[in-house]
1. Restricting to segment A:53-65, count the residues that are surrounded by 15 or more Cβ atoms within 10 Å (Cβ to Cβ), at the interface with chain B (Cβ under 8 Å from one of its Cβ atoms) and more than 24 Å from B:Trp87 (Cβ to Cβ).
2. Return the residue satisfying two criteria in turn: it lies in segment A:130-145 and is surrounded by fewer than 22 Cβ atoms within 10 Å (Cβ to Cβ) and within 15 Å of A:Ala159 (Cα to Cα), and of such residues it is farthest from the other protein chains (Cβ to nearest Cβ).
3. Of the residues A:Leu217, A:Leu228, only one is in contact with a strand residue (DSSP E or B) (Cβ under 9 Å, 6 or more places away or on another chain) and over 16 Å from A:Pro242 (Cα atoms); which?
4. Given the condition within 29 Å of A:Ala136 (Cβ to Cβ), charged (D, E, K, R) and in contact (Cβ under 8 Å) with a residue 60 or more places away in the chain, answer yes or no: does some residue in segment A:170-193 qualify?
5. Looking only at segment B:131-140, which residues are of a type in the set (A, V, I, L, M, F, W, C) and facing chain A (nearest Cβ under 9 Å)?
6. What residue, among those in segment B:29-51 that are touching a residue at least 24 places away in the same chain (Cβ under 8 Å) and in a loop (DSSP other than H, G, I, E, B), is nearest to the other protein chains (Cβ to nearest Cβ)?
7. Looking only at segment A:33-40, decide whether some residue is at pLDDT 80 or above and more than 8 Å from chain B (Cβ to nearest Cβ).
8. Yes or no: A:Thr181 at pLDDT 85 or above and hydroxyl-bearing (Ser, Thr, Tyr)?
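The values are calculated or read from the model by the stated rules, or taken from the named source; none is laboratory data. Small disclaimer: the values here were computed from a predicted structure and weren't measured. A quick note on method: Cβ atoms are made from the backbone with ideal geometry, for glycine too, and the neighbour counts reach across all protein chains shown.
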Amino acid sequence: MNSPLGASPNVPRFHRAMSPTQRLGLATLASVLLLVLDLRFGALGAVRDAVSVVLRPVQEAAHWPVKLATNGSIYFATLAEVQAENARLRRIELEDQLRAATLAALEAENAELRRLLGMSKRAELRTIGVEVLYDAPDPFSRRLVVDRGANAGVRLGLAVLDADGLVGQVTRIQPLVSEVTLITQKDHAVPVMVQRNGVRGVVYGLGDGYLELRHLLPETDVRLDDLLVTSGLDGLLPPGIPVARVVSVDAAVGSFSRIVARPVSFGERRRHLLVIEHVPAKEATVGGP
Amino acid sequence: MRESPRPSRVLQPPRPRFILTTLALAFFWDLIPKGGVFWPEMSMAVLTFWALRDPERVGVGTAFVLGVMLDVGRGAALGQEALALVWVVYLAQRRAARILWFGGWGQALLLLPLWLLALALQAAVRLVAGGDWPGWSYFGAAVSVALLWPMLSALLLWPQWRAARADGAGPLS
């Protein structure tokens, strides 16, 4: 049995060297140090990766029960095959739907950009269809784990959509899976603009399924039911993806008005999503990914 | 090795391999993505059991290593589970004499505050760092561990009883 406790044979010696209270103090200090480095400075990617290498086989084995449960029992082997086929087709359909939906907007935008700037190459969108494996088992954040990773070309920061709009962003990648942080995650920021008039702002996740549009002056023209789309100002998300619809505009509290919006996507409930990579025209000419 | 309240039977010391195997199984269980908050945290339960029953082998160091591995495995903040488990083990071992004097349900009742503390510690760390509030049901994981405890501890003790009978001799002979 491959044990996860490689260090435990050393523990008894460690025991006798220090009193229990000293050991507690040392371990507490080490934990807090790890937490500060991880949460405050995000400095432990290498440590995480190193432990992940050892854990990956165990993790993959641990996903088996879930896969079995979702695919039905072995008794329904043929049904499982049909389901796999169906899933694949649905993924393709989703990709097509989205292409069709964004194509018109992209064409119009592209024509205008080319006219204004004399650009010769259009921006390219590369898409990767993914399937949600499960919610990340961490109750303090809203993340999904999807079935494509670095091997399929998923990269950090890429946008993840469903057929209705922006779902989230890729925040951690492994070779075979990647982790998507939902836009509803508390304090997750997305630069947006009001589709109607181009007013720009930033929406932040509130942690309760809603988003708040912040940093706008009270006189800014934002109305109920306005559609917020990505502005593309962060250089990661392609512009024009629907993000949320304004559901309440409160009169100014202090010097800012409080504007709450509801995401237009159903990402948390959809099984099939799309990762899209926005390859700006300049990079696309220099040499593709 | 601490004695059970029942004097008619004698416990053998647990085998290190058995300790490792049960901890590994519990760890594996905790890595299965189950979706839902009332699933028991088996690593915490099994670790607590061995911390009480074999404090020479399983202590704060084991808790720390297991915690870090759980944090990586579940994509949580590195160190949160380690911090929590370290305190559970320490506090459980300090109260071991009193806790082991009780039967399964009494032990569960005495240990429940420690498990709740472990979850609260993790919640505190993550909320300070700007995480989402997971809702009160988050603490259900500790309650389910407590409900499972009598059965679990009986199960984990069983091989030691059997060993005593198979030898046909207690430690006094």
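1. Residues that pass the stated criteria total 4.
2. Looking at residues that are surrounded by fewer than 22 Cβ atoms within 10 Å (Cβ to Cβ) and within 15 Å of A:Ala159 (Cα to Cα), I get A:Glu131.
3. Working: A:Leu228 fails: over 16 Å from A:Pro242 (Cα atoms).
Within the list A:Leu217, A:Leu228, the selection yields A:Leu217.
4. So the first thing to find is which residues in segment A:170-193 are within 29 Å of A:Ala136 (Cβ to Cβ), and the list is A:170-192.
If we keep only those that are charged (D, E, K, R) too, we end up with A:172, A:179, A:186-187.
Next cut, in contact (Cβ under 8 Å) with a residue 60 or more places away in the chain only: none.
There is no residue in segment A:170-193 that is within 29 Å of A:Ala136 (Cβ to Cβ), charged (D, E, K, R) and in contact (Cβ under 8 Å) with a residue 60 or more places away in the chain.
5. Residues of segment B:131-140 that are of a type in the set (A, V, I, L, M, F, W, C), as a first pass: B:133, B:136, B:139.
Selection gives B:Trp133 alone.
6. B:Val37
7. Yes, the conditions are met somewhere in segment A:33-40.
8. On the way: at pLDDT 85 or above: yes; hydroxyl-bearing (Ser, Thr, Tyr): yes.
For A:Thr181, the condition - at pLDDT 85 or above and hydroxyl-bearing (Ser, Thr, Tyr) - is met.
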